[in-house]
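Some notes on the structure that comes next.
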Amino acid sequence: MMDATVMQKNRVIHVRPPFVRAFVLVCFACTGRVMAVADNHPAVTTFLETHCIDCHGADGEGEIDLQLLASGQEQSAELIELVHHVIDRHEMPPEETEQPTKDTRQRVADELYKLLVEKTRQTLPPRSQSLRRMNRFQYHNAVTDLFDLRRAVFSLPERVARVYADYFDPSKGRLPDTVAVGNRPLGKSQLIEPRLAGVAPFPQDLRAEHGFDTQADHLSLSPLLMESFLSLGQSIVQSRDFTKKNVGIWSEFFEAPKKDSGPQSNVIETRLTKFLTLAFRRPVEEETLRRYMSFVTAKRADGVTFEEAMKAAAAAVIASPRFLYIYNADSQVEDAEALDSYSFASRLSFFLWGSIPDEQLLSAVKAGLLEDKQVLQEQLARMLESKKLKRFCDAFPLQWLQLDRMISATPDPELFPDFYFSKYRLSMHMMLEPLLLFEAVLIENLAITQFVHSDFTYRSQQLNKAYAKLGLEVASAKPSGPGRLRFQRTPTKDMRSGGMITNAAVMTMLSSPEQSQPISRGAWLASVVLNDPPKPPPADVPPLPEHAGIETETMTLRERLGAHRERADCRGCHEQIDPLGFALENYDAVGRWRSTYKNGRTVDLAGKLFHQHDFANISEFKEAILKEDALFAKAFAKHLLSFALGRKLTPWDNVDIEDIIATTAADGYKIQSVIEGVVLSPTFRSP
């Protein structure tokens, strides 16, 4: 248990929604003593009795009863985490009630943190789902790498940015100043590229409501889907394009051996051993190897050519659950405290490359070297310099920022005629700007605070024109495309542009066809930037009318939305999201800067962030977020960890997050340092 205790010692706090949200208590069996809050954490007891129990006691109106916690009786880690979160974020006590002093609030937050650490050391974390199927993007990449294909397996519209002129090369340490890129789902003919003829993809996997399309609870393998994988495997190896010209391993796997190569059974065994080891991401078991050998031998005995027999075996391999599931059930020891080294290598590879580990990574595991921190850091550095890192850039930022919402954005053509040209939409340009910025920050190992505000961005001439006052003057703004688009590294003028928060793609996708939507924008900022998603609105809340009536036409949008805040069941969430959403009101429905509304009223974006930082303009809003850079870094690290683990995070994961942030603060939260912190964390090795 000593090792298990050390592992648990390095886990802690997961940010949860605001205190007013509904909360389900999940109790886990306690393996240690019962904690006495009253005895060991008197400051917590005093604080709860003074500021919380009136509303959150037996007779209070609050949804959560805190009497047991205040009296020192056992409570769940989730509840402790939630209370810590709302006190630390200044969300509770409510603003209209008596407030604790700054020192008192900090002291109680620290005590609750210690209490949470104690709790997570004394209890085991909930067992997570140890298996998850590859999603469509990962399957495509894994098949590509396994066969070393020189063309796409099938069309992938979710891989938005199409690379031209091979601009993406992390080993150079800088994204070129000028890049040529296409937008697959929105550009002209951008999905037409060399791929295997006759191969149809299975349906795209949906993103989980709480995150990414890597989440295990959304990636099952039904009998119907299993059948489709069997057919898919056959269609891949039988494609007319599956030839020596396009298959890198052709000579070493599919090509018939020469007569002087020795017994054919030995050749088959050698080839299958290497192939199965790569496909299943671990040394192949003798029984499994013999089964595939018998399959090939039987085919040969029936008169099937060597090439076709090996194709049949390969098709069976890429339809096998051992290939399709990222973690193998037979590699998991019941109650194991950490992944075995091969499963760890798979997790690392699917995290950064969206695919299977390569031979070099598997060799390091076989030699027992991946347990050495220095060797692991060297392997990580190698992976971060690989061109396969483009797959991480294709998957993570698109889903983190929810940029797929941009595909369906259709601003009113009468109100925004410049958004449309040649039967295409400006969204094809807008969508690529944040993706290219992410690539630059990652390749150049810049601070993740660049996502809040950056001193540069990547824009096409057409996009510069679209930004109007915020764009650079261009000699010609004729649309570049709608196929291959030319983007230029561009300095930002001031804090009104730059970063992810205020780029045109985000502003447009979070607006209605006719006007900005501060509630949608605020909810996005809370979920994406701060990783603190609001509770869904009550079902009986009427939507805000798109068109102002006679009685509201002279109002600002803030004034029109005031009615929503009057409802008691809406007020809590609006206190969270309204300051965030209205902070972006200087940007219209397509991201152009404005100082007044159409009715002549001045845009009012003033607010207070985290109940602490007043702001009166977008620059002060961004500066307020940057003052809380550790909070943003935690939110970003949690997104990364959830993406990598394929599950929602728990309180047991959060000491690792705190450790990651503490470690990376010294170098200003450089993105590769944060990624390294995630990979080196005990949680990353947990089942």
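The values are calculated or read from the model by the stated rules, or taken from the named source; none is laboratory data. All figures in this text were calculated on a predicted structure; none of them were measured in a lab. Cβ placement follows ideal geometry from the backbone for every residue including glycine, while neighbour counts extend to all protein chains displayed. We work out accessible area using only protein heavy atoms, side chains counted, and drop any ligands, DNA or RNA first. Shrake-Rupley method; radii C 1.70, N 1.55, O 1.52, S 1.80 Å.
A few remarks follow.
- Against the chain, whose longest principal axis is taken from its Cα atoms, helix 306-317 shows a tilt of about 30°.
- Net charge of the neighbourhood of V296, taken over other residues with C-beta under 12 Å away and scored Lys/Arg +1, Asp/Glu -1, is +2.
- Scattering curve values for segment 578-687, log₁₀ I(q)/I(0), Debye with Cα scatterers, q = 0.16 Å⁻¹: -0.80
- Cα-projected label distance for E371 with E96, points at 7 Å along beta-carbon direction, nm: 6.1
- Additional length obtainable on full extension of the chain from A665 to T297, 0.36 nm per residue less Cα span: 126.6 nm
- With Cα atoms, 0 to 90° folded angle of helix 286-301 axis to the chain main axis: 50
- In this rough spin-label picture, where each label sits 7 Å from Cα along the Cβ direction, the F456-T602 distance is 3.7 nm.
- Working note: 222 nm ellipticity from helices only, DSSP H runs with n ≥ 4, each -39,500 (n - 2.57), summed and divided by the residues of the chain, gives -12000 deg cm²/dmol to the nearest 500.
- Between D166 and S251, the modelled labels are 1.9 nm apart [label points 7 Å from Cα along Cα→Cβ].
- Candidate cross-link partners of K373 among the aspartates and glutamates, defined by an alpha-carbon separation under 14 Å and a same-chain spacing of 8 or more, comprise E676.
- If you plug the beta carbon distance of S155 and S261 into 1/(1 + (r/R0)^6) with R0 = 35 Å, you get a FRET efficiency near 0.35.
- Pairs from K390/K627; K102/K638; K244/K274 whose Cα-Cα separation, in the structure shown, is over 21 Å: K390/K627; K102/K638
- Reciprocal mean inverse distance between Cα atoms of segment 250-302 - Kirkwood radius, Å: 11.6
- Out-of-range pairs (alpha-carbon distance over 31 Å; input K245/K388; K119/K387; K493/K535; K423/K670): K119/K387; K493/K535; K423/K670
- At an R0 of 56 angstrom, the distance between the Cβ atoms of A58 and R405 translates into a FRET efficiency of 0.80.
- Subtracting the Cα-Cα distance of T288 and Q360 from 0.36 nm times their residue separation leaves 23.6 nm of extension gain.
- For segment 85-178, diffusion coefficient by Stokes-Einstein and Kirkwood Rh (Cα), 20 °C, 1.002 mPa s, µm²/s: 108
- Using alpha carbons only: equivalent-ellipsoid semi-axes of segment 334-394, gyration tensor based, whole Å: 20, 14, 10
- Taking the C-alpha atoms only, the angle from helix 264-280 to the longest principal axis of the chain is near 0 degrees.
- Shape of the chain, Cα gyration tensor, a/c cut at 1.5: oblate
- Shape analysis of segment 245-402 yields a ratio of the Cα radius of gyration to the Kirkwood radius, Rg/Rh, of 1.02.
- Placing a label point 7 Å from the Cα of R240 along the Cα-to-Cβ direction, the residues of segment 194-229 whose backbone N falls under 18 Å of that point are 194-200.
- Loop-located chymotrypsin sites (Phe, Trp or Tyr not before Pro) in segment 161-267 (DSSP state other than H, G, I, E, B) with a sparse environment of at most 13 neighbouring Cβ atoms within 10 Å are absent.
- Å² of accessible area per residue within the chain, as computed with a 1.4 Å probe and no ligands counted: 42
- By accessible area, using a 1.4 Å probe on protein heavy atoms only, the chain has 52% of its surface on carbon and sulfur.
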